[in-house]
Amino acid sequence: MTDARTEILSRIRTALGSDAPGPTAAGVVPREYRSAGEHAPGSDVVLALLVDRLEDYKAHVHQVPAADLPGLLADLLGRSAKSQVIGSSDYRSPDVLPTTRESATQESAGRGAVVVPAGLDPAWLSAADVDVHTDSRDAPMSAAELDQVDAVVTAARVAAAETGTIVLDGEPDQGRRAISLVPDVHVCMVRTDQVMQTVPEAVRLLGAEPARPLTWISGPSATSDIELERVEGVHGPRTLHVVLVS
Amino acid sequence: MSTFLGMPAAREGAGPSPQAAPGTLSGIGRPEDPLHWGASFPDAAKAALENGQLRRNLGKATSTIRTKRARVVGEVPDWEALRDAGSAVKTDVLARLPELLEELERNVTARGGVVHWARDAVEANRIVADLVRAKGADEVVKVKSMATQEIGLNEALAEEGIAAVETDLAELIVQLADDMPSHILVPAIHRNRTEIRDIFLERMADAPPDLTDVPRELAMAARSHLRRKFLSAKVAISGANFAVADTGTLAVVESEGNGRMCLTLPETLITVMGIEKLIPTFDDLEVFLQLLPRSSTGERMNPYTSMWTGVTPGDGPQEFHLVLLDNGRTKVLADEAGRSALHCIRCSACLNVCPVYERVGGHAYGSVYPGPIGAILTPQLTGEKSDLPYASTLCGACYEVCPVKIDIPSILVELRAREVSLSGASPETADRVWKAAMKAASFAMADGGRFRRAARVPRLLRAISRNGVIRRLPFPGSLWTRSRDLMEPPQQTFHDWWAEREERR
Ligand code: SF4
């Protein structure tokens, strides 16, 4: 009996016929599409486009010079940790809220807990009144531990303005995929020079290290499965803050 | 056993048994063959046309997505160039499929993944069940995937005592209601909010008793229901939107974050993928990541896309299995006229513009692949005789929106012609099929918008005419042309001529 691999490959070769083009006769792909935008990375037009797209997706966008970052983070994290999910008043009652963590913190209203990847500049969180947990591939937090954390702060690899997309590639300042997924608030810092206009520019940059685990994020978690009415926040973070740092 | 009713999600005490058939349950149950169930298309369509609620739900949904799609596609200056590139990449992939599959296998393996090959549904289900068993798991979390629906994986796992939990909100609704999906992208499109509320109350044990039908509340109830499962799952099962041959990278696009949960948190990830889902190079992602979200949900980009290459030590699943699935695809590939159906990236744009789909809904097609793409792909995959190629007005709207330029109308015409030779065109068959085709045409005539879209038919007819005369129409038109020639239709429809004249004024 032939094994499945051999049989499938031979079925394919038969299906393509004996005169099928071999590896040398690869079809020519027309690539008339834009491989780059007309605006430079980080230019004002490109930044404005990214902000517009992100806000359209209900992400919160902040633009600050690097020096003001600790103050802004203190502000954002203090708010998320204590008042919980921004926009939580939209949910009808606490018993509809998903996890014990969320309702528990609401009652205690103590210091919030934040997770950061090990490679994030510690100075950024120096002004924030929160408990900071550091996560890395060598010392990973469990899913249950991450579920006890209110917010996550990460850097990013690249952004594509036209689609309002930010990509994380798992490097030490961005961390494991789980940390930007389980906590309810994600604060993502993007340097303005990382903002490209188009998707092809972002793909080609990522193509330099394609084997890294990649997470493309365009706005917070959302569903449109019920009568196509968009609801922000299902399983991933319900609140996304994007901080554009110049 | 013709129907599988014992859904793992319908736990003891979680609700009435399917036999009790409360209003929210579909009564469809889980068919043995996900590619062929229910009544014939003409009969199912007739029944669907009598369901006013269904048509209202569908009409609202498809028109909403159509509008959104048109807006975001209009934003892209190089849309046609992207379609050309997407179509050409897929043609290239099929031409080099053996080499590219071997390249993918090599790269996935080099990065610590394990590649399996499955000739058919039974073999694929066996591989997955054995892998899950080996992990000692009796529950797995699942990302929405057409491939696993096509092979009836959930039912196969259930027979082995493994509960497969769908985590996409719409799939969860369908699963709880013991229903079948009716749309590729929004499988619960045929349900409105009140029905969904009732399904949750009846079948989801931990639904808040005072749940209302506000979409946000329903989504939060699902979040709560699934969260525990995500955090404790040992094994996850997914499909793949794209697999990159030259890097071994897999990609899944989604919105809710359930995909990221499944792809990231469990220890073991099993991905089941049709052999046609390949793209040659990492850079080719730039084409498809632009085409897919705008064509499917009408968004510039879906909220989340995950890409992984084998395993990454310390981050995400530490065991990764890729199951490469044939299940009829090589049959489709062997068909030169119809092989481009394998270009499909399952965006569902063709469903949303189809006047027939809009009226009869996805269940009438009796396949997990409904709508125009289902009408060509389903009979090709199964190799069975089928009425589905007649489930179309040949209006051409599906071809116009298809991001990878699959000429669905021409393939439909070809399949119809073959259906005739297959059936020998016995008078009863001819009559049955003719009626189905006329029924489809009458949808098109029923309002102006549909009729405009249908006006492309003459152009198709022109394509098969010789010297201005059509000697042989594809079936069922062949019954007509057998004894007479038709004059070639004019170059321009009256409607187009009028529109042009108005523009020039
Ligand atoms: S056939 Fe084209 S339009 Fe239809 S689902 Fe496939 S890719 Fe989308």
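The values are calculated or read from the model by the stated rules, or taken from the named source; none is laboratory data. All of these numbers come straight from a predicted model, not from anything done at the bench. For neighbour counting, all protein chains shown are included, and Cβ atoms are generated from backbone atoms with ideal geometry for every residue, glycine included. Protein only, heavy atoms only, side chains kept; ligands, DNA and RNA dropped before computing areas. Shrake-Rupley method; radii C 1.70, N 1.55, O 1.52, S 1.80 Å.
Taking the stretch B:318-333 as the range and being open to solvent by 10 Å² or more (accessible area, probe 1.4 Å) and farther than 15 Å from B:H343 by Cα as the test, the residues that pass are B:Q318, B:E319, B:H321, B:N327.
Of all residues in the stretch B:69-78, exactly one satisfies the criterion of being surrounded by 17 or more Cβ atoms within 10 Å (Cβ to Cβ) and within 9 Å of chain A (Cβ to nearest Cβ), namely B:V76. Here B:E299 clears all of (1) assigned to a loop (DSSP other than H, G, I, E, B); (2) touching a Pro at 6+ places or on another chain (Cβ under 9 Å); (3) more than 8 Å from chain A (Cβ to nearest Cβ); (4) closer than 25 Å to B:A61 by Cα except the condition numbered (3). All conditions but one from (1) within 16 Å of the ligand (Cβ to nearest atom); (2) assigned to a loop (DSSP other than H, G, I, E, B); (3) modelled with pLDDT of 90 or more; (4) among the hydrophobic types (A, V, I, L, M, F, W, C) apply to B:L211; the one that does not is (1).
For the stretch B:237-266, a residue qualifies if it is assigned to a loop (DSSP other than H, G, I, E, B) and either more than 11 Å from chain A (Cβ to nearest Cβ) or modelled with pLDDT under 95 (or both), and the qualifying residues are B:G239, B:A240, B:N241, B:A245, B:S255, B:E256, B:G257. Residue count for the stretch B:270-285, restricted to those that are within 12 Å of another protein chain (Cβ to nearest Cβ) and part of a strand (DSSP E or B): 3. Inspection of the stretch B:47-61 identifies no residue that is in contact with a Pro (Cβ under 8 Å, 6 or more places away or on another chain), within 10 Å of chain A (Cβ to nearest Cβ), without any contact (Cβ under 8 Å) to a residue 60 or more places away in the chain and open to solvent by 30 Å² or more (accessible area, probe 1.4 Å). Taking the criterion of being hydrophobic (A, V, I, L, M, F, W, C) and either within 14 Å of the ligand (Cβ to nearest atom) or assigned to a loop (DSSP other than H, G, I, E, B) (or both), the residues of the stretch B:361-381 that qualify are B:V368, B:I373, B:A375, B:I376, B:L377, B:L381.
Among the residues making up the stretch A:193-224, those that are part of a loop (DSSP other than H, G, I, E, B) and open to solvent by less than 20 Å² (accessible area, probe 1.4 Å) are A:Q197, A:T198, A:P213, A:S218, A:G219, A:P220, A:S221. Of the residues in the stretch B:293-315, how many are away from the ligand (no atom under 16 Å from the Cβ), open to solvent by less than 20 Å² (accessible area, probe 1.4 Å) and in contact with a helix residue (DSSP H, G or I) (Cβ under 9 Å, 6 or more places away or on another chain)? Within the stretch B:293-315, residues that are away from the ligand (no atom under 16 Å from the Cβ), open to solvent by less than 20 Å² (accessible area, probe 1.4 Å) and in contact with a helix residue (DSSP H, G or I) (Cβ under 9 Å, 6 or more places away or on another chain) number 10. Among the conditions (1) closer than 23 Å to B:V128 by Cα; (2) crowded, with 19+ Cβ neighbours inside 10 Å, B:A163 misses just one, which is (2). Screening B:E400, B:E336, B:E358, B:E384 for residues that are without any contact (Cβ under 8 Å) to a residue 24 or more places away in the chain and more than 9 Å from the ligand (Cβ to nearest atom) leaves exactly one candidate, B:E336. Taking the condition of being more than 8 Å from the ligand (Cβ to nearest atom), polar (S, T, N, Q) and open to solvent by less than 10 Å² (accessible area, probe 1.4 Å), how many residues in the stretch B:339-355 meet it? The qualifying residues number 1. Residue check: A:V149 meets all listed conditions (1) under 19 Å from A:T239 (Cα atoms); (2) more than 9 Å from chain B (Cβ to nearest Cβ); (3) not in a loop (DSSP other than H, G, I, E, B) but one, namely (3).
Quick grid of which residues meet (1) of a type in the set (D, E); (2) open to solvent by less than 10 Å² (accessible area, probe 1.4 Å); (3) more than 9 Å from chain A (Cβ to nearest Cβ); (4) within 19 Å of B:A61 (Cβ to Cβ):
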{"residue": "B:L153", "(1), (2), (3), (4)": "no, yes, yes, no"}
{"residue": "B:D168", "(1), (2), (3), (4)": "yes, no, no, yes"}
{"residue": "B:I184", "(1), (2), (3), (4)": "no, yes, yes, yes"}
{"residue": "B:R197", "(1), (2), (3), (4)": "no, no, yes, yes"}
{"residue": "B:D206", "(1), (2), (3), (4)": "yes, no, yes, no"}
